[in-house]
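Student: Take this structure, written in structure tokens, and hold onto it; I'll ask about it next.
Just so you know, all these numbers are worked out from the coordinates, no wet-lab data involved. Here the structure is a predicted model, which means the values were calculated and not measured. Please note: Cβ atoms are built from the backbone with ideal geometry, for glycine as well, and neighbour counts cover all protein chains shown.
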Amino acid sequence: FQNLQETPAEIRAAWLEKLAALMEDCSGELIALLQTEGKKTLADAIAEVREAVDFCRYYAAEGRKYFDAAGTPLTGPTGESNHLRLMGRGVFVCISPWNFPLAICMGQVTAAVMAGNSVLAKPAEQTPLIAHRAVELLHQAGVPRAALQFLPGRGEVVGAGLCDDARVKGVSFTGSTEVAQLINR
């Protein structure tokens with residue numbers, strides 16, 4: 001996997017802003033996918049696209065503030081110079097649910113990318129086409145394929161295998177309590 005920690009936060013933020021614009025440009029396609037695959041009403045599909053776009057812009061703005069290479073200066077009680085520097089942890093697995101297949105998927109993935117992590121995006125098995133299109137748009141926005149992979153499949157096979165892999169440094173999951181407890185063991 002490509003380490004996104006070496007990519008400046010400004011570039012990662014620019015990817016997310018480009019993604020927001022791409023999603024707005026192809027909102028009709030995303031709405032149609034949300035309606036056909038996700039069984040969303042028109043109003044709910046429009047709202048979900050807007051929420052996904054909002055996540056992109058929010059994490060871009062926050063990332064510019066908190067992931068600056070110089071770090072955030074901290075005041076020290078004895079006058080020393082301290083800086084808080086945030087960084088990614090490595091490979092993140094993002095497991096998104098069927099009920100918000102675009103917004104939550106994009107919220108998880110864009111947060112992980114902005115933080116400098118590589119991402120394995122595992123969508124709910126009921127809504128893989130929506131997540132696949134979102135990952136395609138992320139690649140189109142500039143996120144390298146070596147840093148973001150799409151891994152559809154059954155949760156108990158693909159999701160479990162990813163979560164059990166020692167190379168995975170974090171999991172972002174939205175779903176049932178039962179599955180969350182399996183992941184957290």
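Student: I want the local charge near residue 99. Using Cβ-Cβ distances under 15 Å, sum +1 for each Lys or Arg and -1 for each Asp or Glu among the other residues.
Tutor: For residues surrounding residue 99, the net value is -3.
Student: Which FRET efficiency value, to the nearest 0.05, do you get for residue 145 and residue 43 by plugging their Cβ-Cβ distance into 1/(1 + (r/R0)^6) with R0 = 35 Å?
Tutor: Result of the calculation: an efficiency of 0.55.
Student: Let me ask something else. Using a Cα-Cα cut-off of under 13 Å, which aspartates and glutamates could be cross-linked to residue 40, ignoring same-chain neighbours fewer than 8 residues away?
Tutor: 48
Student: Working from Cα positions, state the angle (0 to 90°, nearest 10) between the long axis of helix 42-66 and the longest principal axis of the chain.
Tutor: Orientation of helix 42-66: about 10 degrees from the principal axis.
Student: Which angle from 0 to 90°, rounded to the nearest 10, does the C-alpha axis of helix 103-114 make with the longest principal axis of the chain?
Tutor: Between the helix axis and the principal axis of the chain, the angle is about 30 degrees.
Student: Which shape class, rounded, prolate or oblate, goes with the range 91-185 when its Cα gyration tensor gives a ≥ b ≥ c as root eigenvalues, a/c under 1.5 marks rounded, and past that a/b bigger than b/c marks prolate?
Tutor: Here the range 91-185 falls in the oblate category.
Student: Over the chain, what is the relative contact order in whole percent, taking alpha-carbon pairs under 8 Å and six or more residues apart?
Tutor: Computed over the chain, the figure is 27 percent.
Student: Mind pulling the angle between the C-alpha long axis of helix 9-25 and the longest principal axis of the chain? Nearest 10 degrees, somewhere in 0 to 90.
Tutor: Between helix and principal axis, roughly 20 degrees.
Student: With viscosity set to 0.692 mPa s and temperature to 37 °C, compute the Stokes-Einstein D of the chain, Rh being the Kirkwood radius across alpha carbon pairs; µm²/s, no decimals.
Tutor: Diffusion coefficient, whole number: 194 µm²/s.
Student: Further, regarding this structure: Could you run the Debye sum over the Cα atoms of the range 23-111, one equal point scatterer each and no solvent, and tell me log10 of I(q)/I(0) at q = 0.10, 0.12, 0.22, 0.25 Å⁻¹, two decimals?
Tutor: Ignoring solvent entirely, the Cα scatterers give -0.40, -0.51, -1.04, -1.19.
Student: Run lengths n ≥ 4 of DSSP H only: what is the helix-derived mean residue ellipticity at 222 nm for the chain, with -39500 (n - 2.57) per run over all residues, to the nearest 500?
Tutor: Using -39500 (n - 2.57) per qualifying helix, the result is -15500 deg cm²/dmol.
Student: If packing is taken as the mean number of other Cβ atoms within 10 Å per residue, what is the order of 98-110, 24-36, highest first?
Tutor: 98-110, 24-36
Student: Now for a separate question. Sorting check: for 88-95, 150-157, which peptide has the highest mean count of neighbouring beta carbons within 10 Å, and how do the rest follow?
Tutor: So the order, starting with the most tightly packed, is 88-95, 150-157.
Student: Suppose we keep just the DSSP beta bridges with both residues in the chain; what percent of those would be antiparallel, to 5?
Tutor: Looking only at bridges with both residues in the chain, the antiparallel portion is about 25 percent.
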